[in-house]
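Asker: This is the structure I have questions about; it appears just below.
The values are calculated or read from the model by the stated rules, or taken from the named source; none is laboratory data. None of these values were measured; they are calculated from a predicted model. A quick note on method: Cβ atoms are made from the backbone with ideal geometry, for glycine too, and the neighbour counts reach across all protein chains shown. These area figures cover heavy atoms from the full protein model, side chains too; ligands, DNA and RNA do not enter into them. Shrake-Rupley method; radii C 1.70, N 1.55, O 1.52, S 1.80 Å.
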Amino acid sequence: MQAKSRKSLTALAAAPIILSLALTGCGGSNNGGNAGSSQSAGSSPSASASPSGSASASAGASASPSAASGAPVTIDVWANKFEDTTTTWFKKWTDEFNKSQSNIKVNLTIVPGDAWDQKMKAAQAAGKAPDVWTVSYNQVANDAKLGQIQALNDLMDPSVFDDLYPNMKDFVAVGDKFYAYPWLVEPSTVLYYRKDLFKAAGLDPEKPPTTWDELLADGKALTKKGVFGFSTAQVAGDLGWSSWGLQYNAAGHLPITDDWSKADVQNDGYKKLLTFYQQAYQSGIMPKQQLSGYTDAAPFGQGKIAMEANGSWAIGQLRNSFKDMVNNVGVAPMPTIDGNPNNTTATLGGWALAVDGKSEHAKEAAAYISYMLADDPNVVLDYFRGAQFSKFTPRKSVDQAMQSDPVASKDEVRAMIAEKIVPYSKPEPIYPWDISMAFSTAIESAMKGTDVDKALSKAEKDINDYIAKNKLAGTNPKMQ
(Lines give C-alpha, C1' and ligand atoms only; values in the text may rest on other atoms or scores of the structure.)
Protein backbone atom coordinates (compact mmCIF):
# COMPACT_ATOMS: atom_id res chain seq x y z
CA MET A 1 0.00 0.00 0.00
CA GLN A 2 2.99 2.16 0.37
CA ALA A 3 2.87 4.76 -2.35
CA LYS A 4 6.28 5.52 -1.09
CA SER A 5 8.00 6.64 -4.20
CA ARG A 6 6.57 9.54 -2.34
CA LYS A 7 6.43 12.90 -2.82
CA SER A 8 3.67 11.32 -0.99
CA LEU A 9 6.85 1.98 17.07
CA THR A 10 11.01 -0.86 20.80
CA ALA A 11 12.23 -3.63 23.01
CA LEU A 12 15.72 -5.05 22.95
CA ALA A 13 14.58 -8.58 22.32
CA ALA A 14 12.43 -9.06 19.24
CA ALA A 15 9.73 -11.61 18.81
CA PRO A 16 10.51 -13.82 15.81
CA ILE A 17 7.83 -14.69 13.31
CA ILE A 18 5.94 -17.72 14.46
CA LEU A 19 3.57 -18.58 11.66
CA SER A 20 1.09 -21.27 12.49
CA LEU A 21 -0.99 -22.99 9.85
CA ALA A 22 -3.78 -20.60 10.75
CA LEU A 23 -1.79 -17.73 9.32
CA THR A 24 -1.46 -19.31 5.92
CA GLY A 25 -5.13 -18.56 5.46
CA CYS A 26 -4.62 -14.84 5.92
CA GLY A 27 -3.81 -13.95 2.37
CA GLY A 28 -5.97 -13.02 -0.53
CA SER A 29 -8.73 -10.63 0.36
CA ASN A 30 -9.53 -8.51 3.31
CA ASN A 31 -11.82 -10.63 5.45
CA GLY A 32 -12.86 -9.21 8.77
CA GLY A 33 -13.23 -10.87 12.12
CA ASN A 34 -15.97 -10.46 14.66
CA ALA A 35 -15.33 -7.08 16.20
CA GLY A 36 -17.53 -7.28 19.22
CA SER A 37 -20.75 -7.09 17.22
CA SER A 38 -23.24 -9.85 16.55
CA GLN A 39 -21.93 -10.35 13.03
CA SER A 40 -19.46 -12.87 11.76
CA ALA A 41 -16.44 -12.06 9.66
CA GLY A 42 -17.22 -10.40 6.39
CA SER A 43 -20.88 -9.72 7.16
CA SER A 44 -22.48 -6.35 6.70
CA PRO A 45 -22.65 -4.41 9.98
CA SER A 46 -26.05 -3.54 11.32
CA ALA A 47 -27.05 -0.28 12.97
CA SER A 48 -27.00 -1.87 16.41
CA ALA A 49 -23.47 -3.14 15.87
CA SER A 50 -21.99 0.26 15.08
CA PRO A 51 -20.51 2.05 18.12
CA SER A 52 -21.33 5.51 16.82
CA GLY A 53 -24.33 4.76 14.67
CA SER A 54 -24.50 2.96 11.37
CA ALA A 55 -24.10 4.56 8.00
CA SER A 56 -27.78 4.06 7.45
CA ALA A 57 -28.61 6.03 10.55
CA SER A 58 -26.11 8.75 9.71
CA ALA A 59 -27.32 9.02 6.16
CA GLY A 60 -30.92 9.21 7.20
CA ALA A 61 -30.22 11.91 9.76
CA SER A 62 -28.46 14.07 7.21
CA ALA A 63 -30.59 13.39 4.17
CA SER A 64 -30.59 16.18 1.63
CA PRO A 65 -33.72 17.48 -0.13
CA SER A 66 -33.09 15.17 -3.06
CA ALA A 67 -32.95 12.19 -0.71
CA ALA A 68 -36.10 13.34 1.06
CA SER A 69 -37.90 13.49 -2.31
CA GLY A 70 -37.00 9.87 -2.97
CA ALA A 71 -33.91 10.23 -5.11
CA PRO A 72 -30.67 9.33 -3.39
CA VAL A 73 -27.82 11.80 -3.15
CA THR A 74 -24.95 10.67 -5.33
CA ILE A 75 -21.42 11.17 -4.07
CA ASP A 76 -18.19 10.38 -5.87
CA VAL A 77 -15.33 8.69 -4.05
CA TRP A 78 -11.80 8.36 -5.40
CA ALA A 79 -9.37 5.92 -3.84
CA ASN A 80 -5.75 5.28 -4.73
CA LYS A 81 -4.92 2.02 -6.42
CA PHE A 82 -2.92 -0.04 -3.94
CA GLU A 83 -2.85 -3.83 -3.57
CA ASP A 84 -5.59 -5.86 -5.24
CA THR A 85 -6.86 -6.83 -1.79
CA THR A 86 -7.37 -3.16 -0.97
CA THR A 87 -9.39 -2.61 -4.13
CA THR A 88 -11.48 -5.66 -3.24
CA TRP A 89 -12.10 -4.25 0.24
CA PHE A 90 -13.14 -0.82 -1.06
CA LYS A 91 -15.54 -2.29 -3.58
CA LYS A 92 -17.02 -4.80 -1.16
CA TRP A 93 -17.79 -2.36 1.62
CA THR A 94 -18.87 0.45 -0.69
CA ASP A 95 -21.44 -1.97 -2.09
CA GLU A 96 -22.49 -2.84 1.45
CA PHE A 97 -22.86 0.85 2.26
CA ASN A 98 -25.05 1.40 -0.77
CA LYS A 99 -27.23 -1.57 0.18
CA SER A 100 -27.46 -0.53 3.84
CA GLN A 101 -29.60 2.56 3.13
CA SER A 102 -31.43 4.35 0.32
CA ASN A 103 -30.49 7.99 0.85
CA ILE A 104 -26.95 7.94 -0.54
CA LYS A 105 -25.49 6.33 -3.64
CA VAL A 106 -21.68 6.13 -3.78
CA ASN A 107 -19.81 5.94 -7.07
CA LEU A 108 -16.35 4.54 -6.35
CA THR A 109 -13.39 5.12 -8.68
CA ILE A 110 -10.02 3.42 -8.13
CA VAL A 111 -7.29 5.69 -9.50
CA PRO A 112 -3.78 4.41 -10.35
CA GLY A 113 -1.05 6.22 -8.45
CA ASP A 114 0.73 7.47 -11.56
CA ALA A 115 -2.47 9.14 -12.77
CA TRP A 116 -3.63 10.55 -9.45
CA ASP A 117 -2.02 14.00 -9.46
CA GLN A 118 -3.01 14.86 -13.01
CA LYS A 119 -6.54 13.54 -12.62
CA MET A 120 -7.12 15.34 -9.32
CA LYS A 121 -5.70 18.67 -10.51
CA ALA A 122 -7.87 18.57 -13.61
CA ALA A 123 -10.98 17.74 -11.58
CA GLN A 124 -10.30 20.51 -9.06
CA ALA A 125 -9.70 23.05 -11.82
CA ALA A 126 -13.01 22.10 -13.45
CA GLY A 127 -14.90 22.17 -10.15
CA LYS A 128 -15.55 18.43 -10.40
CA ALA A 129 -13.42 17.02 -7.62
CA PRO A 130 -14.81 13.92 -5.88
CA ASP A 131 -16.72 14.37 -2.63
CA VAL A 132 -14.40 11.96 -0.80
CA TRP A 133 -10.82 11.01 -1.55
CA THR A 134 -7.85 9.26 0.00
CA VAL A 135 -5.21 11.56 1.46
CA SER A 136 -1.82 10.73 2.96
CA TYR A 137 -1.13 12.09 6.44
CA ASN A 138 1.70 14.32 5.32
CA GLN A 139 -0.71 16.19 3.05
CA VAL A 140 -3.57 16.78 5.50
CA ALA A 141 -2.34 20.03 7.07
CA ASN A 142 -1.40 21.63 3.76
CA ASP A 143 -4.64 20.55 2.08
CA ALA A 144 -6.59 21.98 5.01
CA LYS A 145 -4.66 25.25 4.78
CA LEU A 146 -5.52 25.53 1.09
CA GLY A 147 -9.19 24.73 1.69
CA GLN A 148 -9.00 21.57 -0.39
CA ILE A 149 -10.53 19.47 2.41
CA GLN A 150 -12.97 20.50 5.11
CA ALA A 151 -13.20 19.95 8.85
CA LEU A 152 -15.18 16.91 9.97
CA ASN A 153 -15.99 18.00 13.53
CA ASP A 154 -19.57 19.01 12.72
CA LEU A 155 -20.10 16.29 10.12
CA MET A 156 -19.34 13.18 12.19
CA ASP A 157 -20.26 11.91 15.63
CA PRO A 158 -17.62 13.37 18.02
CA SER A 159 -17.19 9.99 19.71
CA VAL A 160 -15.44 8.57 16.64
CA PHE A 161 -12.50 10.87 17.31
CA ASP A 162 -12.34 9.71 20.93
CA ASP A 163 -11.70 6.21 19.57
CA LEU A 164 -8.39 7.32 18.05
CA TYR A 165 -5.10 6.83 19.87
CA PRO A 166 -3.81 10.20 21.12
CA ASN A 167 -0.81 10.34 18.79
CA MET A 168 -3.06 9.44 15.83
CA LYS A 169 -5.27 12.47 16.36
CA ASP A 170 -2.42 14.78 15.50
CA PHE A 171 -2.01 13.11 12.12
CA VAL A 172 -5.35 14.51 10.92
CA ALA A 173 -5.74 17.61 13.08
CA VAL A 174 -4.91 21.26 12.57
CA GLY A 175 -5.60 23.21 15.70
CA ASP A 176 -8.79 21.85 17.24
CA LYS A 177 -10.29 20.61 13.99
CA PHE A 178 -10.04 17.21 12.32
CA TYR A 179 -9.71 17.32 8.55
CA ALA A 180 -9.68 13.59 7.75
CA TYR A 181 -10.40 10.28 9.42
CA PRO A 182 -7.41 7.93 9.66
CA TRP A 183 -7.54 4.52 8.03
CA LEU A 184 -4.17 2.90 8.76
CA VAL A 185 -0.55 3.49 9.72
CA GLU A 186 2.58 1.74 8.46
CA PRO A 187 5.91 1.90 10.30
CA SER A 188 8.58 2.80 7.79
CA THR A 189 11.40 0.80 9.36
CA VAL A 190 11.43 -2.73 10.78
CA LEU A 191 14.38 -5.15 10.91
CA TYR A 192 13.90 -8.49 9.13
CA TYR A 193 16.52 -11.20 9.56
CA ARG A 194 17.07 -14.82 8.54
CA LYS A 195 17.24 -17.03 11.60
CA ASP A 196 18.78 -19.90 9.67
CA LEU A 197 21.59 -17.67 8.40
CA PHE A 198 22.14 -16.37 11.94
CA LYS A 199 22.67 -19.95 13.13
CA ALA A 200 25.03 -20.71 10.26
CA ALA A 201 27.12 -17.66 11.15
CA GLY A 202 27.30 -18.61 14.82
CA LEU A 203 24.87 -15.90 15.89
CA ASP A 204 21.94 -16.37 18.26
CA PRO A 205 18.73 -16.14 16.17
CA GLU A 206 16.80 -15.08 19.26
CA LYS A 207 19.10 -12.10 19.80
CA PRO A 208 19.04 -9.77 16.81
CA PRO A 209 21.18 -6.63 16.98
CA THR A 210 19.91 -3.81 19.17
CA THR A 211 22.52 -1.12 18.44
CA TRP A 212 23.98 0.23 15.21
CA ASP A 213 27.41 -1.15 16.14
CA GLU A 214 25.94 -4.63 16.70
CA LEU A 215 24.14 -4.40 13.36
CA LEU A 216 27.39 -3.64 11.55
CA ALA A 217 29.21 -6.47 13.36
CA ASP A 218 26.45 -8.99 12.66
CA GLY A 219 26.33 -7.82 9.06
CA LYS A 220 30.00 -8.69 8.62
CA ALA A 221 29.49 -12.14 10.13
CA LEU A 222 26.53 -12.80 7.86
CA THR A 223 28.13 -11.65 4.62
CA LYS A 224 29.09 -14.74 2.59
CA LYS A 225 29.44 -15.57 -1.08
CA GLY A 226 26.12 -14.73 -2.69
CA VAL A 227 24.63 -13.30 0.53
CA PHE A 228 24.92 -9.74 1.80
CA GLY A 229 24.71 -9.18 5.55
CA PHE A 230 22.46 -6.13 5.46
CA SER A 231 20.39 -4.03 3.11
CA THR A 232 18.56 -0.73 3.33
CA ALA A 233 17.84 2.16 0.98
CA GLN A 234 20.87 3.34 -0.98
CA VAL A 235 19.59 6.06 -3.33
CA ALA A 236 18.34 9.52 -2.47
CA GLY A 237 14.69 8.92 -3.36
CA ASP A 238 14.19 5.96 -1.02
CA LEU A 239 16.59 7.42 1.54
CA GLY A 240 14.49 10.59 1.56
CA TRP A 241 11.72 8.97 3.57
CA SER A 242 13.09 5.66 4.85
CA SER A 243 15.69 7.49 6.98
CA TRP A 244 13.24 9.76 8.82
CA GLY A 245 12.95 7.41 11.81
CA LEU A 246 16.72 7.04 12.12
CA GLN A 247 17.10 10.81 11.85
CA TYR A 248 14.87 11.17 14.90
CA ASN A 249 16.85 8.39 16.58
CA ALA A 250 20.22 10.02 16.00
CA ALA A 251 19.43 13.73 16.26
CA GLY A 252 16.03 13.92 17.95
CA HIS A 253 14.61 15.99 15.10
CA LEU A 254 14.50 16.35 11.33
CA PRO A 255 16.87 18.53 9.25
CA ILE A 256 14.81 21.74 9.38
CA THR A 257 13.63 23.84 12.31
CA ASP A 258 9.99 23.57 13.37
CA ASP A 259 9.20 27.00 11.95
CA TRP A 260 10.83 26.02 8.65
CA SER A 261 13.18 29.01 8.83
CA LYS A 262 16.54 27.25 8.42
CA ALA A 263 18.37 23.94 8.13
CA ASP A 264 19.28 22.12 11.33
CA VAL A 265 21.86 19.49 10.39
CA GLN A 266 25.15 20.59 11.94
CA ASN A 267 25.19 18.43 15.06
CA ASP A 268 26.79 15.24 16.36
CA GLY A 269 23.63 13.22 15.86
CA TYR A 270 23.52 13.79 12.14
CA LYS A 271 27.25 13.15 11.87
CA LYS A 272 26.76 9.77 13.53
CA LEU A 273 23.83 9.01 11.24
CA LEU A 274 25.78 9.65 8.04
CA THR A 275 28.75 7.76 9.48
CA PHE A 276 26.52 4.73 10.13
CA TYR A 277 25.25 4.68 6.55
CA GLN A 278 28.79 5.21 5.27
CA GLN A 279 30.22 2.36 7.33
CA ALA A 280 27.40 0.00 6.35
CA TYR A 281 27.98 0.66 2.67
CA GLN A 282 31.77 0.89 2.62
CA SER A 283 32.27 -2.24 4.75
CA GLY A 284 30.89 -4.48 2.02
CA ILE A 285 27.96 -5.86 4.01
CA MET A 286 25.62 -4.09 1.58
CA PRO A 287 25.43 -4.63 -2.19
CA LYS A 288 27.11 -1.90 -4.19
CA GLN A 289 23.91 -1.46 -6.15
CA GLN A 290 20.56 -1.83 -4.42
CA LEU A 291 18.98 -5.15 -5.46
CA SER A 292 15.48 -3.70 -5.33
CA GLY A 293 13.61 -0.65 -4.13
CA TYR A 294 13.34 -0.23 -0.37
CA THR A 295 9.71 -1.35 -0.30
CA ASP A 296 10.41 -4.65 -2.10
CA ALA A 297 11.40 -7.58 0.14
CA ALA A 298 11.95 -10.02 -2.72
CA PRO A 299 15.80 -10.17 -2.49
CA PHE A 300 15.49 -10.91 1.21
CA GLY A 301 12.88 -13.57 0.55
CA GLN A 302 15.12 -15.09 -2.12
CA GLY A 303 17.98 -15.46 0.37
CA LYS A 304 20.25 -12.82 -1.14
CA ILE A 305 20.07 -10.65 2.00
CA ALA A 306 20.52 -11.85 5.60
CA MET A 307 19.15 -8.74 7.32
CA GLU A 308 17.18 -5.90 5.84
CA ALA A 309 15.44 -2.72 6.90
CA ASN A 310 12.00 -2.48 5.36
CA GLY A 311 8.56 -1.26 6.31
CA SER A 312 5.85 -3.26 8.05
CA TRP A 313 4.25 -3.93 4.68
CA ALA A 314 7.03 -6.44 3.93
CA ILE A 315 5.29 -8.90 6.25
CA GLY A 316 2.47 -9.29 3.76
CA GLN A 317 4.85 -9.80 0.84
CA LEU A 318 6.87 -12.44 2.69
CA ARG A 319 3.81 -14.31 3.86
CA ASN A 320 2.15 -14.26 0.47
CA SER A 321 5.14 -14.82 -1.83
CA PHE A 322 7.70 -16.73 0.28
CA LYS A 323 5.60 -19.13 2.30
CA ASP A 324 8.27 -21.83 2.27
CA MET A 325 10.80 -19.71 4.14
CA VAL A 326 8.76 -17.51 6.48
CA ASN A 327 9.43 -19.78 9.44
CA ASN A 328 13.09 -18.77 9.10
CA VAL A 329 12.30 -15.06 9.32
CA GLY A 330 12.77 -13.04 12.48
CA VAL A 331 11.24 -9.60 12.92
CA ALA A 332 12.58 -6.99 15.33
CA PRO A 333 12.64 -3.25 15.89
CA MET A 334 15.36 -1.51 13.93
CA PRO A 335 18.42 -1.14 16.19
CA THR A 336 18.84 2.22 17.88
CA ILE A 337 22.02 4.23 18.04
CA ASP A 338 22.61 3.30 21.69
CA GLY A 339 20.31 0.33 22.29
CA ASN A 340 17.58 2.34 24.02
CA PRO A 341 14.35 0.53 23.08
CA ASN A 342 12.20 3.60 23.68
CA ASN A 343 13.83 5.74 21.03
CA THR A 344 12.23 6.40 17.66
CA THR A 345 13.33 4.19 14.76
CA ALA A 346 10.42 4.66 12.38
CA THR A 347 7.93 7.16 11.10
CA LEU A 348 4.32 6.31 10.50
CA GLY A 349 2.95 6.82 7.03
CA GLY A 350 -0.52 5.96 5.98
CA TRP A 351 -3.80 7.11 4.60
CA ALA A 352 -7.09 8.68 5.57
CA LEU A 353 -10.36 9.67 3.94
CA ALA A 354 -11.32 13.32 3.64
CA VAL A 355 -14.26 15.35 2.38
CA ASP A 356 -13.50 17.70 -0.48
CA GLY A 357 -13.50 21.37 0.51
CA LYS A 358 -16.16 22.23 -2.07
CA SER A 359 -18.38 19.19 -1.75
CA GLU A 360 -22.07 20.06 -1.90
CA HIS A 361 -22.93 16.87 -0.04
CA ALA A 362 -20.52 17.03 2.87
CA LYS A 363 -22.78 15.29 5.39
CA GLU A 364 -23.47 12.41 3.07
CA ALA A 365 -19.78 12.17 2.26
CA ALA A 366 -18.95 12.07 5.97
CA ALA A 367 -21.57 9.34 6.50
CA TYR A 368 -19.70 7.18 4.01
CA ILE A 369 -16.37 7.85 5.77
CA SER A 370 -17.97 6.92 9.10
CA TYR A 371 -19.24 3.65 7.69
CA MET A 372 -15.92 2.68 6.11
CA LEU A 373 -13.49 3.76 8.82
CA ALA A 374 -15.09 4.98 12.03
CA ASP A 375 -18.13 2.90 12.98
CA ASP A 376 -18.30 -0.92 13.22
CA PRO A 377 -14.74 -2.19 13.81
CA ASN A 378 -15.59 -5.26 11.72
CA VAL A 379 -15.48 -3.23 8.51
CA VAL A 380 -11.93 -1.96 8.86
CA LEU A 381 -10.76 -5.18 10.54
CA ASP A 382 -11.74 -6.82 7.27
CA TYR A 383 -9.11 -4.67 5.58
CA PHE A 384 -6.35 -5.43 8.09
CA ARG A 385 -6.79 -9.17 7.76
CA GLY A 386 -6.44 -9.00 4.00
CA ALA A 387 -3.30 -6.90 4.51
CA GLN A 388 -1.83 -9.78 6.54
CA PHE A 389 -1.81 -7.46 9.58
CA SER A 390 1.12 -5.63 8.02
CA LYS A 391 -0.68 -2.32 8.56
CA PHE A 392 -1.82 -1.01 11.92
CA THR A 393 -4.97 0.61 13.19
CA PRO A 394 -5.26 4.11 14.64
CA ARG A 395 -8.42 3.06 16.54
CA LYS A 396 -8.53 1.63 20.04
CA SER A 397 -11.72 -0.33 19.38
CA VAL A 398 -10.21 -2.08 16.37
CA ASP A 399 -7.17 -3.14 18.39
CA GLN A 400 -9.54 -4.51 21.01
CA ALA A 401 -11.38 -6.44 18.32
CA MET A 402 -8.09 -7.92 17.11
CA GLN A 403 -7.43 -9.32 20.56
CA SER A 404 -10.43 -11.60 20.16
CA ASP A 405 -9.92 -12.32 16.47
CA PRO A 406 -8.74 -15.95 16.04
CA VAL A 407 -5.97 -14.98 13.61
CA ALA A 408 -4.88 -11.52 14.77
CA SER A 409 -4.69 -12.58 18.42
CA LYS A 410 -2.10 -15.27 17.55
CA ASP A 411 0.03 -13.09 15.31
CA GLU A 412 3.16 -12.41 17.35
CA VAL A 413 4.67 -10.18 14.68
CA ARG A 414 1.64 -7.91 14.64
CA ALA A 415 1.73 -7.71 18.43
CA MET A 416 5.46 -6.94 18.51
CA ILE A 417 5.22 -4.10 16.01
CA ALA A 418 2.07 -2.70 17.60
CA GLU A 419 3.64 -2.73 21.07
CA LYS A 420 7.32 -2.02 20.45
CA ILE A 421 7.53 0.10 17.32
CA VAL A 422 4.30 1.99 16.69
CA PRO A 423 4.09 3.73 20.09
CA TYR A 424 7.57 5.24 19.69
CA SER A 425 7.22 6.29 16.08
CA LYS A 426 6.78 9.81 14.77
CA PRO A 427 4.49 11.15 12.05
CA GLU A 428 5.97 11.80 8.66
CA PRO A 429 7.05 15.41 8.08
CA ILE A 430 4.75 17.77 6.21
CA TYR A 431 7.39 20.10 4.79
CA PRO A 432 8.08 19.98 1.04
CA TRP A 433 9.68 16.83 -0.33
CA ASP A 434 12.62 18.87 -1.64
CA ILE A 435 13.89 19.19 1.95
CA SER A 436 13.97 15.42 2.36
CA MET A 437 15.69 15.00 -0.99
CA ALA A 438 18.36 17.53 -0.10
CA PHE A 439 19.21 15.65 3.09
CA SER A 440 18.96 12.18 1.58
CA THR A 441 21.34 13.26 -1.16
CA ALA A 442 23.83 13.97 1.62
CA ILE A 443 23.34 10.44 3.01
CA GLU A 444 23.86 8.86 -0.40
CA SER A 445 26.92 11.03 -1.00
CA ALA A 446 28.45 9.99 2.33
CA MET A 447 27.71 6.32 1.63
CA LYS A 448 29.70 6.56 -1.58
CA GLY A 449 32.70 8.18 0.05
CA THR A 450 32.12 11.91 0.49
CA ASP A 451 33.42 13.28 3.78
CA VAL A 452 30.54 13.44 6.29
CA ASP A 453 31.15 17.08 7.24
CA LYS A 454 31.29 18.07 3.59
CA ALA A 455 28.06 16.21 2.82
CA LEU A 456 26.25 17.88 5.72
CA SER A 457 27.49 21.33 4.70
CA LYS A 458 26.08 20.86 1.22
CA ALA A 459 22.75 19.66 2.64
CA GLU A 460 22.63 22.73 4.88
CA LYS A 461 23.25 25.04 1.94
CA ASP A 462 20.74 23.30 -0.31
CA ILE A 463 18.01 23.35 2.34
CA ASN A 464 18.60 27.00 3.20
CA ASP A 465 18.61 27.94 -0.49
CA TYR A 466 15.28 26.16 -0.97
CA ILE A 467 13.78 27.90 2.08
CA ALA A 468 14.84 31.31 0.80
CA LYS A 469 13.80 30.73 -2.81
CA ASN A 470 10.36 29.42 -1.87
CA LYS A 471 9.77 31.76 1.10
CA LEU A 472 9.18 28.73 3.30
CA ALA A 473 10.06 30.34 6.64
CA GLY A 474 7.07 30.68 8.93
CA THR A 475 4.70 28.73 6.68
CA ASN A 476 4.37 25.51 8.70
CA PRO A 477 0.56 25.10 8.82
CA LYS A 478 0.82 23.28 12.14
CA MET A 479 2.25 26.44 13.73
CA GLN A 480 -0.25 28.94 12.36
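Asker: If only one of Leu348, Leu353 is modelled with pLDDT under 95 and either touching a strand residue (DSSP E or B) at 6+ places or on another chain (Cβ under 6 Å) or more than 30 Å from Gln234 (Cβ to Cβ) (or both), which one is it?
Answerer: Sole residue among the options that is modelled with pLDDT under 95 and either touching a strand residue (DSSP E or B) at 6+ places or on another chain (Cβ under 6 Å) or more than 30 Å from Gln234 (Cβ to Cβ) (or both): Leu348.
Asker: Can you find a residue in region 82-99 that is open to solvent by 30 Å² or more (accessible area, probe 1.4 Å), in a loop (DSSP other than H, G, I, E, B) and either at pLDDT 95 or above or more than 26 Å from Gly350 (Cα to Cα) (or both)?
Answerer: No: region 82-99 contains no residue that is open to solvent by 30 Å² or more (accessible area, probe 1.4 Å), in a loop (DSSP other than H, G, I, E, B) and either at pLDDT 95 or above or more than 26 Å from Gly350 (Cα to Cα) (or both).
Asker: Going through region 148-164 one residue at a time, which ones are small (Gly, Ala, Ser) and open to solvent by 40 Å² or more (accessible area, probe 1.4 Å)? Spell out the reasoning first.
Answerer: Filtering region 148-164 down to residues small (Gly, Ala, Ser) leaves 151, 159.
Ser159, the sole residue that qualifies.
Asker: If we keep just the residues of region 276-285 that are touching a Phe, Trp or Tyr at 6+ places or on another chain (Cβ under 9 Å) and closer than 17 Å to Met334 by Cβ, which is surrounded by the fewest Cβ atoms within 10 Å (Cβ to Cβ)?
Answerer: Gln279
Asker: Same structure again: Would you check if Phe300 is buried (at least 24 other Cβ atoms within 10 Å of the Cβ), outside any strand (DSSP E or B) and in contact with a strand residue (DSSP E or B) (Cβ under 9 Å, 6 or more places away or on another chain)? Steps first, answer last, please.
Answerer: Values: buried (at least 24 other Cβ atoms within 10 Å of the Cβ): yes; outside any strand (DSSP E or B): yes; in contact with a strand residue (DSSP E or B) (Cβ under 9 Å, 6 or more places away or on another chain): yes.
For Phe300, the condition - buried (at least 24 other Cβ atoms within 10 Å of the Cβ), outside any strand (DSSP E or B) and in contact with a strand residue (DSSP E or B) (Cβ under 9 Å, 6 or more places away or on another chain) - is met.
Asker: Same structure again: All but one of (1) open to solvent by less than 10 Å² (accessible area, probe 1.4 Å); (2) among the aliphatic types (A, V, I, L, M); (3) farther than 30 Å from Asn327 by Cβ hold for Leu184; which doesn't?
Answerer: Condition (3) is where Leu184 drops out.
Asker: Does Arg395 qualify as being of a type in the set (D, E, K, R), open to solvent by 10 Å² or more (accessible area, probe 1.4 Å) and at negative phi? Step through it out loud before you land on a result.
Answerer: Working: of a type in the set (D, E, K, R): yes; open to solvent by 10 Å² or more (accessible area, probe 1.4 Å): no; at negative phi: yes.
Answer is no for this residue.
Asker: Could I ask something else about it? List pairs: first residue in region 208-223 and more than 16 Å from Val190 (Cβ to Cβ), second residue among the polar types (S, T, N, Q) anywhere in the structure, Cβ distance under 8 angstrom, at least six positions apart or on different chains.
Answerer: Sorted first by the residue in region 208-223, then by its partner, the pairs are Thr211/Thr336; Leu216/Gln279; Leu216/Ser283; Gly219/Ser283; Lys220/Ser283.
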